[in-house]
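Data block below; observations after.
Derivation of every value follows stated rules applied to the coordinates shown; laboratory data play no part. Just so it is clear, the structure is predicted and the values come from calculations on it, not from any experiment. Here Cβ is always computed from backbone atoms with ideal geometry, including for glycine, and neighbour counts include all displayed protein chains.
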Amino acid sequence: MYRSAIKRLIRANQTSNGQSSRTLHGSRPIFRNSNLGDDLLKRGPSWPRPRAPSTSQHSVRIANLGTNTVLEITGNYYAAYSHVRVNKKERARLTFEEVVLPVLNIAVSQFKSDPQIQGYAIEVSHYVLARVLGVPWEAPESFAAVLPRNVAEKLVEADDPREWEAALQHGQVFVNSEPLRLRLKQSSLP
């Protein structure tokens, strides 16, 4: 039962050529991958648009989180934020709005009628550009949202920015494993 629902979720996130990338709102590609570090080692200093890593099916799975059964989704978002121009909270907000929320929309629509799914855990890695001793440096940063089922459904169904803020109060958001209170800009919400 779960396997067919997960396959539908993966199919919804695939392009016509079978690659597991997707572009949302004209942004950078998202790749399903459970290992972020490998692609960093293969990429040269010119930072070309990366190719999709192996299409591991382990980036969408059913997992136990405490006593709850959650749909766990992991992936890489090939956005590179400037450490100087975009602070940690703003990077988290951008990744949430551009990646996590659209993925959550797909996941909730696929599993809404399944009473065994009690929540959603979505982890997305993006990149931060900085300088270390004058040398440009690119490092991954991990964003994670853990949302109970009712919170995820409220987020997906909400039309008003205040409803989004209220729903997020009942979930957990982390950046590099540190808890973060995510604030969404009122003007950026639909």
Ordering of 107-120, 169-182 by burial proxy (mean other Cβ atoms within 10 Å per residue, highest first): 107-120, 169-182
Would region 59-120 count as rounded, prolate or oblate if I go by the C-alpha gyration tensor, calling it rounded below 1.5 in a/c and otherwise prolate when a/b exceeds b/c, oblate otherwise? prolate
Quick one: if the Förster radius is 25 Å, what FRET efficiency do Arg131 and Asn176 give, using the C-beta to C-beta distance and rounding to 0.05? 0.85
Along principal axes, largest first, the alpha-carbon spread of region 105-190 in whole Å comes out as 52, 31, 21
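Subtracting the Cα-Cα distance from 0.36 nm times the residue separation, let me have the gained length for Lys112 to Lys89 in nm, one decimal. Kindly include the intermediate steps, with their values, before the conclusion.
Numbers: separation 23, 0.36 × 23 = 8.28 nm, distance 2.96 nm.
Result: 5.3 nm gained on full extension.
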If the chain between Glu157 and Ser82 were fully stretched, how many nm would it gain, using 0.36 nm times the residue separation less the Cα-Cα distance? 23.8 nm
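From the gyration tensor of the Cα coordinates in region 126-168, what semi-axes in whole Å does the equivalent ellipsoid have, largest first, with each one equal to sqrt(5λ)?
On the way: eigenvalues 257, 27, 9 Å².
In descending order the semi-axes read 36, 12, 7 Å.
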